[in-house]
1. Restricting everything to alpha-carbon atoms, can you work out Rg to Rh for the range 5-96 with a Kirkwood hydrodynamic radius?
2. Residues with amide H under 5 Å of residue 97's amide H, sequence separation 5 or more or different chain, H placed in the peptide plane at 1.01 Å from N; which?
3. What is the antiparallel percent of DSSP beta bridges lying wholly in the range 10-104, to the nearest 5?
4. Among the aspartates and glutamates, which fall within straight-line cross-link reach of residue 37, defined as a Cα-Cα distance under 12 Å, with same-chain neighbours fewer than 8 residues apart omitted?
Amino acid sequence: TRRASGIMAVCPDPLIEISPEDANRADVADGEWVSVKSRRGTLRARARVTNRVSEGTVFANFHFPGDGNANNLTIKALDPIAKIPEYKVCAVAVERSESASKTE
């Protein structure tokens, strides 16, 4: 999807959506660069503070490579029956980042 010009026009940078409550706790403002960290890796993205996600939940888009790749955060677990990767669920911490993302 990163090669789709329409998507890149709407969302040119890696993005996470974070609730106002969680953004306030992390001292993150709308549009700021953040680091999202899990036990497996780090994602660097811009924060969109929104009520579209519940408190305690972060949404990340998936169409950026490198430091902007949300799959950097995910775990290697597989569903025990279907053997489908568990790409959508992992615990993360969000903090402000001082510099822009590297997406190459």
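1. My calculation puts Rg/Rh at 0.99.
2. 33, 34, 35
3. Counting only bridges with both partners in the range 10-104, antiparallel ones make up about 75 percent.
4. Once the sequence-local aspartates and glutamates are set aside, what remains near residue 37 is 67, 95.
Computed from the coordinates by the stated procedures, all read-outs in this text should not be read as laboratory data. Since this is a predicted model, take the numbers as computed values, not measurements.
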